[in-house]
Amino acid sequence: METETRQRSFMEIKDEVLNRIQTIYDPEIPVNIFELGLIYEVNVDVDNNVHVLMTLTAPNCPAAESLPAEVEQKAKEIEGVKDVRVEITFEPPWDQEMMSEAAKLELGFL
């Protein structure tokens, strides 16, 4: 029974991290970073440590410092989260096909 409660807790934390990530916008694009396809993975371990694997629109992105820091800050604010690690990767490199339909529509790509 306790395992079921813990599992639900992991999912609740992951859902909350995803919800908060959707409030973070690239300063140059009027779409949140989740809809842009910049978030590759969000994982929560048994100790409620959060690992976010994300990318940037380009390696020299002006928001390279601020976006990962904002993701870390928003995740750390969630009750029950012990530690947060945000990892940047460029594999696979980001491209416009990673955007959601809503983001493509907002930016006029559809």
Discussion item. For the list (1) out of contact with any strand residue (DSSP E or B) (no Cβ under 7 Å at 6 or more places or on another chain); (2) over 19 Å from P30 (Cβ atoms); (3) at pLDDT 95 or above, I need the number of the one condition that K76 fails.
Written reply: (1)
Discussion item. Suppose we keep only residues that are among the aliphatic types (A, V, I, L, M) and in a loop (DSSP other than H, G, I, E, B) within region 66-93. Which one would you say is farthest from N49 (Cα to Cα)?
Written reply: I78
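Yes or no, residue by residue, for (1) of a type in the set (G, A, S); (2) more than 11 Å from the chain's Cα centre (by Cα):
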| residue | (1), (2) |
| --- | --- |
| E16 | no, no |
| Q22 | no, no |
| G37 | yes, no |
| V46 | no, yes |
| C61 | no, yes |
| K82 | no, yes |
| E101 | no, yes |
Item to complete: Determine whether A102 is part of a helix (DSSP H, G or I) and among the hydrophobic types (A, V, I, L, M, F, W, C).
Response: yes
Worksheet item: What are the residues in region 24-62 that are touching an Asp or Glu at 6+ places or on another chain (Cβ under 9 Å), modelled with pLDDT of 95 or more, in a loop (DSSP other than H, G, I, E, B) and not aliphatic (A, V, I, L, M), if any?
Response: E35, G37, N49, T55
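The values are calculated or read from the model by the stated rules, or taken from the named source; none is laboratory data. Please read these numbers as outputs of a predicted model, since none were measured by experiment. Heads up, the Cβs are rebuilt from the backbone with ideal geometry, glycines too, and the neighbour counts pull from every protein chain shown.
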